[in-house]
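Below: one structure, written as structure tokens.
The values are calculated or read from the model by the stated rules, or taken from the named source; none is laboratory data. This one's a predicted model, so the numbers in the text were calculated from it and none came from an experiment. Here the Cβ positions follow ideal geometry from the backbone for every residue, glycine too, while neighbour counts run over all protein chains shown. These accessible areas exclude ligands, DNA and RNA; they are computed on the full protein's heavy atoms, side chains included. Shrake-Rupley method; radii C 1.70, N 1.55, O 1.52, S 1.80 Å.
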Amino acid sequence: MEKNTELYRGKAKTVFTTDDPEYYIMRFRDDTSALDGKITRQLERKGRTNNHFSFFIMRSLERSGISTHCVKLVSDDECLVKKLKMIPVECVVRNLAAGSICRRLGIKEGLRFKKPVLELFLKNDELHDPMVNESYAQAFGWATSDELESMKTQSLRINEILSDLFAKAGLTLVDFKLEFGVDTRGNLTLGDEFSPDCCRLWDTKTMERFDKDRFRQNLGHVVDGYEEAARRIGCPL
């Protein structure tokens, strides 16, 4: 399938149209950013690693009955994906306290919740992705009640699937972000990516980070950490 024009360029990915109107090509770049893009760096092998990692996870979810936009890898840093009309509401699932929830609620990092916490955020860089609720989403037409219910149900199911997958690899899935869209046939579908850029993965015993916090907290060896997480779950790079 032929890659055509650039459709969208985000902080770390670029989406291109193709000669088939139902499919896009998503390219994972080596760009890395933090603090809403105020800190940026190029990290060699990051695009390739995230592309393979995300595809591996999406395929694992597909085998468990979760519909995703991933079709096939077309190169080391590119993936063919279904065209989706993205819902501008991100689902964040938290199993342990880390990041913004600690600052908002004044709780200690590493606290394990009695049940997973699910939060909704408006995808808007200029507003720094503010937290919203279902009432906002319906009032502003960002998502319907049925879409929101499905997004919540699927997010919690994905948490069960991936928590088990990572636990078998000696990793704790601390939290993660998901984005959903509607495909050309009207089906709610998991989109975007699932990589160490959009989740927190800690070694179950040592609490060592294998995610983007290595970049945010200047811990070093960022891509090495991503690759170690991939190796543990059996993801080919």
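What's the ranking of 100-112, 155-167, 49-61 by average number of surrounding C-beta atoms within 10 Å, highest first?
Numbers: 100-112: 11.6, 155-167: 17.3, 49-61: 22.8.
Top to bottom by mean Cβ count within 10 Å: 49-61, 155-167, 100-112.
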In whole Hz and in residue order, list the ³J(HN,Hα) couplings for the stretch 157-163 that follow from phi through the Karplus curve 6.51 cos²θ - 1.76 cosθ + 1.60, θ = phi - 60°; x for Gly and Pro.
5, 4, 4, 4, 4, 7, 4
Rel. contact order, % - alpha carbon contacts under 8 angstrom, at least six apart, the stretch 182-237:
21
Accessible-area value, Tyr24, 1.4 Å probe, nucleic acids and ligands omitted, Å²:
40
HN-Hα couplings for the stretch 41-51 via Karplus (6.51, -1.76, 1.60; θ = phi - 60°), in whole Hz with x for Gly/Pro, come out as 8, 9, 10, 4, 6, 5, x, 4, 4, 5, 4
Amide H neighbours of Leu171 under 5 Å, counting only residues 5+ apart in sequence or on other chains, H built in-plane at 1.01 Å?
Thr204
Table column - 3J(HN,Hα) (Hz), the stretch 20-25, Karplus curve with 6.51, -1.76, 1.60, x for Gly and Pro
10, x, 9, 9, 10, 10
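Take each of the peptides 90-97, 117-124, average the number of other beta-carbon atoms within 10 Å over its residues, and list them starting from the highest.
Packing order, densest peptide first, comes out as 90-97, 117-124.
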Cα to Cα, under 27 Å, and not fewer than 8 places away if on the same chain: which lysines meet these conditions relative to Lys115?
Lys123, Lys152, Lys168, Lys177, Lys205, Lys212
With the dipole of the chain defined by +1 on each Lys or Arg Cβ and -1 on each Asp or Glu Cβ, the option from Ile161, Phe28, Ser60 whose Cα lies farthest towards the positive pole is Ile161
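Go through 228-237, 192-201 and give me the packing order, highest mean Cβ count within 10 Å leading. Walk me through the intermediate numbers first.
Working: 228-237: 16.1, 192-201: 24.2.
Going by the mean number of other Cβ atoms within 10 Å, highest first, we get 192-201, 228-237.
What number, in percent, do you get for the relative contact order of the stretch 134-197 if the mean sequence gap of Cα pairs under 8 Å and at least 6 apart is divided by its residue count?
Rounded, it is 19 percent for the stretch 134-197.
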Using Cα pairs under 8 angstrom and six or more residues apart, how large is the relative contact order of the chain, in percent?
18
Lys and Arg at +1, Asp and Glu at -1: add these up for the other residues within a Cβ distance under 14 Å of Thr49 and post the number.
-2
Helix-only CD estimate at 222 nm, as mean residue ellipticity for the chain, using -39500 (n - 2.57) per DSSP H run (n ≥ 4):
-9000 deg cm²/dmol
